[in-house]
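These notes concern the structure reproduced below.
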Amino acid sequence: MNLNSRLIAYSLALLLVVAAAPGVNAAEKENSPLTDPAAANLKAPDQFQVKIVTSAGDFVIEVHRDWSPMGADRFFNLVKVGFYDGAAFYRVLREPKPFMAQVGFNGNPKIDAAWRKATIGDDPMVQSNRRGFVSFAKSNAPNSRTTQFFVNYADNSYLDGYGFSPFGKVVKGMEAVDALYSGYGEGAPQGKGPSQARIASEGNAYLEADFPKLDSIIVTDLIR
């Protein structure tokens with residue numbers, strides 16, 4: 001099943017849920033935490049797990065708030081509002097040397113744009129970017145984390161010095177992370193993979209048309 005088929009199936013299921021919910025209208029959806037980052041402000045539990053159901057298999061991230069408090073809170077809220085459902089693993093780098101699998105653009109450009117300036121502060125380094133640890137991506141600027149996160153494929157502890165503070169670790173299903181499609185390589189313009197600028201402006205329509213083999217998140221679920 002390709003990315004488009006998976007997203008159609010998920011969208012139909014989501015429509016049924018919304019249709020069955022009394023009192024849900026367009027205005028309420030526009031003002032929901034999914035499109036209003038300021039409303040997605042819950043404090044995360046000290047420790048929790050998230051099941052990530054993907055087209056390559058399932059894996060579980062265990063989050064520790066004391067590792068990265070602001071990172072844990074942001075991830076908790078993004079999962080709660082369903083931000084990652086349908087998001088593609090657009091940057092999966094395993095060759096010639098294992099590096100990371102990155103995800104975090106919402107497939108709807110309007111939703112993604114709402115979060116683009118909703119940055120969070122940097123957290124102190126408590127853990128290290130070793131295999132299986134999960135961190136938010138950021139730019140070279142301080143306090144620039146938003147929604148992008150990555151799973152480390154190898155010991156990338158050199159990233160610690162750049163402020164990539166791990167907030168969790170894959171505790172089950174790392175084989176699914178290892179199975180994510182990596183054939184497109186690094187993104188444009190450095191490589192032949194997806195352009196982040198075009199993902200931001202065109203969403204999953206661009207990825208489905210030009211990079212149909214990408215794996216994606218089908219749904220995320222707080223399990224503990």
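The values are calculated or read from the model by the stated rules, or taken from the named source; none is laboratory data. Since the model is a prediction, treat every value here as computed from it, not as a measurement. As a convention, Cβ positions derive from the backbone with ideal geometry for all residues, glycine included, and neighbour counts pool all protein chains shown.
Only a single item in (1) within 18 Å of residue 134 (Cα to Cα); (2) buried (at least 22 other Cβ atoms within 10 Å of the Cβ) is not met by residue 86, and it is number (1).
State which residue is surrounded by the fewest Cβ atoms within 10 Å (Cβ to Cβ) when the search covers only the range 124-178 and only residues that are in a loop (DSSP other than H, G, I, E, B) and of a type in the set (Phe, Trp, Tyr).
Of the residues in the range 124-178, the ones in a loop (DSSP other than H, G, I, E, B) are 124-132, 137-144, 146-148, 153-156, 163-165, 173.
Retained after the next criterion (residues that are of a type in the set (Phe, Trp, Tyr)): 153, 164.
Working: 153: 21, 164: 25.
Only one residue fits best here, namely 153.
Pairing residues of the range 105-134 that are free of Cβ contacts under 8 Å to residues at least 60 places away in the same chain and of a type in the set (A, V, I, L, M) with residues that are outside any helix (DSSP H, G or I) and crowded, with 18+ Cβ neighbours inside 10 Å, at Cβ distances under 7 Å and at least 6 apart in sequence or on separate chains, gives 120/145; 125/165. Residues that are over 25 Å from residue 203 (Cβ atoms) and among the aromatic types (Phe, Trp, Tyr) occur in the range 125-139; there is at least one. Filtered by the rule that a residue be hydrophobic (A, V, I, L, M, F, W, C) and under 21 Å from residue 179 (Cβ atoms), the range 96-113 gives 99, 100, 101, 103, 105. Of the residues making up the range 100-118, those that are over 17 Å from residue 197 (Cα atoms) and buried (at least 19 other Cβ atoms within 10 Å of the Cβ) are 100, 101.
Residue 76 meets all of the listed conditions (1) more than 13 Å from residue 217 (Cβ to Cβ); (2) surrounded by fewer than 18 Cβ atoms within 10 Å (Cβ to Cβ) but one, namely (2). Scanning the range 179-216 for residues that are buried (at least 20 other Cβ atoms within 10 Å of the Cβ) and either free of Cβ contacts under 8 Å to residues at least 12 places away in the same chain or of a type in the set (Val, Ile, Thr) (or both) yields one hit, 199.
What is the one condition in (1) surrounded by fewer than 18 Cβ atoms within 10 Å (Cβ to Cβ); (2) closer than 16 Å to residue 40 by Cα; (3) in contact (Cβ under 8 Å) with a residue 40 or more places away in the chain that residue 66 does not satisfy? So the condition that residue 66 fails would be (2). Per this entry, residue 155 is not counted among residues that are acidic (Asp, Glu) and in contact with a helix residue (DSSP H, G or I) (Cβ under 6 Å, 6 or more places away or on another chain).
As a summary of the residue check, residue 224 satisfies the conditions (1) of a type in the set (Lys, Arg); (2) at pLDDT 95 or above; (3) surrounded by fewer than 20 Cβ atoms within 10 Å (Cβ to Cβ) except for the one numbered (2).
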